[in-house]
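A short reminder: the numbers here are calculations on the coordinates, not readings from a lab. No experiment lies behind these values; they were computed from the predicted model shown.
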Amino acid sequence: MSVPGTTSVTGTRVRGCLVVTVSQDLSGDMLDEVRRVALEGIQRDGAQSAIFELSAVPFMDSVEFEELRKIARMAEMLGATVIFVGLKPGIIVHLLEADANVRGVRAFLGLDEALHALEQHPNVEPHG
């Protein structure tokens, strides 16, 4: 089920997990939209896990990444395990060179790997 009213951020249920897909950069009001879609979707559907699918995000700075981490912590307070997928190598390099705090972030290369990890270990532990 997609969340109506937006084309840049969608929330879809996949195997009982809320997949929040971001289809452009995180500037402007986009982070507010990610927060709204994620938190409303978790609360409405009772999803116990959420995947932030970021493969279409061309660039992310450390401020935007920290805002995504805050949204992930909010989702965790609602009881959901949160995983990031699709981060591009250039974004990862930039975040680490900028000393962004990546501690506690659960990340996988793709959606299939993340869904498989959640099926095997619903409370998958973060790397690092």
Computed [θ] at 222 nm, deg cm²/dmol, the chain (DSSP H ≥ 4; -39,500 (n - 2.57); rounded to nearest 500): -12500 deg cm²/dmol
Kyte-Doolittle mean at least -0.5 and Cα axial length at least 15 Å: DSSP H helices in the chain: 30-45, 62-77
Relative contact order for the chain, counting Cα pairs under 8 Å that sit 6 or more residues apart, in percent: 21
Other-chain or far-sequence residues with amide H under 5 Å of residue 81's (modelled H): 49, 50
